[in-house]
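The values are calculated or read from the model by the stated rules, or taken from the named source; none is laboratory data. For clarity, every value in this text was computed on a predicted model and none was experimentally measured. Here the Cβ positions follow ideal geometry from the backbone for every residue, glycine too, while neighbour counts run over all protein chains shown.
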Amino acid sequence: RWVGETPTAKEAVVAQEEPAVDVSLGPDSRVLVTGAGGRTGQLVLKKLAEQGISTRGLFRTEKSKKKIAKMLGADARVDLVVGDVSSAEDVKAAMEGCTHVVLLSSAKPQIKKRSLVRILVKKLFRMDPGRPSFRWIENGSPPPPPPGQTPQ
């Protein structure tokens, strides 16, 4: 099944009856939510905060961090930080003091096509081309396979 596909009615009922993971959060627990600026990340962060669970949200941009800070209001149990999930240093810093992680960040970046044009032009003029730029797609799901192909 592809991520984001709608489950059948039977699968939905089974999912409601049997939780996928039983996680016990004690008073000393702290949960890191990556992708906290995304649609699902926002919901998870909000639910954890509503339940009084110490939470840290990891955001890619200051803009998305500020948006969620406004939504949550002042809550001493929620810490919002900006970092890059592809940076070991940023992830290590974000995980400091956390006992659990909810990984909701996009797993698959897409190259920015304009950055390729910039690289090609610089190469034509024998300049240092630098590196291409990438963006993280909003929901992190791969596109569906072409007709007749099966998912990998």
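A compact table of results
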{"item": "Top-ranked residue in the stretch 62-75 [being without any contact (Cβ under 8 Å) to a residue 12 or more places away in the chain and in contact with a strand residue (DSSP E or B) (Cβ under 9 Å, 6 or more places away or on another chain); ranked as nearest to G52 (Cα to Cα)]", "result": "A69"}
{"item": "Hey, S86 exposed (fewer than 14 other Cβ atoms within 10 Å of the Cβ) and part of a loop (DSSP other than H, G, I, E, B) or not", "result": "yes"}
{"item": "Among (1) in contact (Cβ under 8 Å) with a residue 40 or more places away in the chain; (2) touching a Leu at 6+ places or on another chain (Cβ under 7 Å) - the single one A49 does not satisfy", "result": "(1)"}
{"item": "Single condition A69 does not satisfy, out of (1) among the small types (G, A, S); (2) assigned to a helix (DSSP H, G or I); (3) buried (at least 17 other Cβ atoms within 10 Å of the Cβ)", "result": "(3)"}
{"item": "Any hit, the stretch 94-105, residues being within 22 Å of the chain's Cα centre (by Cα), modelled with pLDDT of 90 or more and in a helix (DSSP H, G or I)", "result": "yes"}
{"item": "Which listed residue is in a helix (DSSP H, G or I), at pLDDT 90 or above, within 16 Å of the chain's Cα centre (by Cα) and of a type in the set (A, V, I, L, M), from V81, V44, V33", "result": "V44"}
